[in-house]
Amino acid sequence: MGRVGTALRELRGAQKSAKGVSLYSRFVNRPVGRYLAAGSYALGLTPNQVTLISAALSFAAVALVAVAAPSWGLGLAVWAALALGFAFDSADGQLARLRGGGSAAGEWLDHVVDAAKLTGLHSCVLIAFYRFPDAYGTGAAGWLLVPLGFQLAAVVTFFGGLLTEKLKAKPAPGSPAEAPSTLRAVALLPVDYGVFCLVFLLLGGGELFPYVYAAFGAVAALFLAAFLTKWFRELSAVRR
């Protein structure tokens, strides 16, 4: 317990900026990830091992969506595995900082897992709509386009955000971090992955699940248009 307490104290002072982070990630996912990182540190786990734990939980949940008949119990299991996988996804970076810094290979592994998780999750929703049309009310072929559109918005947002961070100008060393905006943190809640995971609690809700899922997909598409406009303007000001 002593190692866990020491790790928690050190992690409180080694958090990433809250700028551009939703309230869920800031006040739920990161704090849970901090405890998981401290526990992983006490057990002697490496950041890459924590990333693989996150991947195992996430991919197990993704597979359940595709192969299991919809029910309220399934929804609870899928949400719990996705949410815990997301918390471990936060823990691997925190553990890396606690151990003195991460590696290029570790960052690569983290992003590859995130990309596979995004594409896999929406692909398995499509499979579920196809396999269980009576349970979900998705017999019309048009429903199969919804996960494809959601997947497109999610993947382009993920890749566009990563690339923008790599290309835009970095703040000068030692410059103070910008204060996070509460309004922005609230506005980002609909496109926070942790909030989206809550949708899977409705897997036993029949037609309710695809309609709520589609609503989140529509919001993701609107945010993508806003993000692309913002990112292009920021990068247009960067001199190469």
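The values are calculated or read from the model by the stated rules, or taken from the named source; none is laboratory data. What you see is a predicted model, and the numbers here were worked out from it, not measured in a lab. What goes into the accessible areas is simple: the full protein's heavy atoms, side chains included, and nothing from ligands, DNA or RNA. Shrake-Rupley method; radii C 1.70, N 1.55, O 1.52, S 1.80 Å.
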- prompt: Solvent-accessible area per residue for region 97-233 at a 1.4 Å probe radius, Å²?
  reply: 55
query: To the nearest 10 square angstrom, what accessible area does Phe132 show with a 1.4 Å probe?
result: 40
statement: One finds the C-alpha centres of region 200-230 and region 145-161 to be spaced, in Å, by 11
- prompt: Ignoring ligands, DNA and RNA, what percent of the accessible area of the chain is carbon or sulfur (1.4 Å)?
  reply: 68
- line: Close lysine pairs (the chain; alpha-carbon distance under 23 Å; 8 or more apart or on separate chains) counted at 13
statement: region 73-227: relative contact order from alpha carbon pairs under 8 Å, six or more residues apart, as a whole percent, is 36
